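Have a look at the structure below, then the notes.
Each reported figure results from applying straightforward, stated rules to the coordinates on display, with no laboratory input. Values in this document were obtained by computation on a predicted structure and should not be read as measured data.
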Amino acid sequence: GNMDVTSYSRKAGDHSHSTIGSTMTTDLVWTINPIVKYTTRLYYFSNYKSTQADWENTINFTLNKYLSTKIFLNGRFDDSATKSGTWNYFQLKDILSFGLNYTW
């Protein structure tokens, strides 16, 4: 099918899009104890007209040899996006998952 290239900051008929700006990424993994592990990632980009930032946070719990759970929280800021309701340029995504582990 055909893709709407204008939804990715490209003009109709263009084959590429370049942006000049600054990027920063930080990653941290912290094993709090053998059962709990915290991972965080902060990504920031600015092209001096708009700013995008993502902050991902994951907490992994190893409940026992067979069971685990994960809490994931992702905050996002993008002032180039269309404002949406109360949060304006902010978006929030959260996930709670449970896992079954098997090792041989």
Aspartates and glutamates near Lys37 by alpha-carbon distance under 13 Å, same-chain residues fewer than 8 away left out - which ones? none
Across Lys70/Lys93; Lys11/Lys93; Lys49/Lys93, pairs whose alpha-carbon gap is larger than 21 Å: Lys11/Lys93; Lys49/Lys93
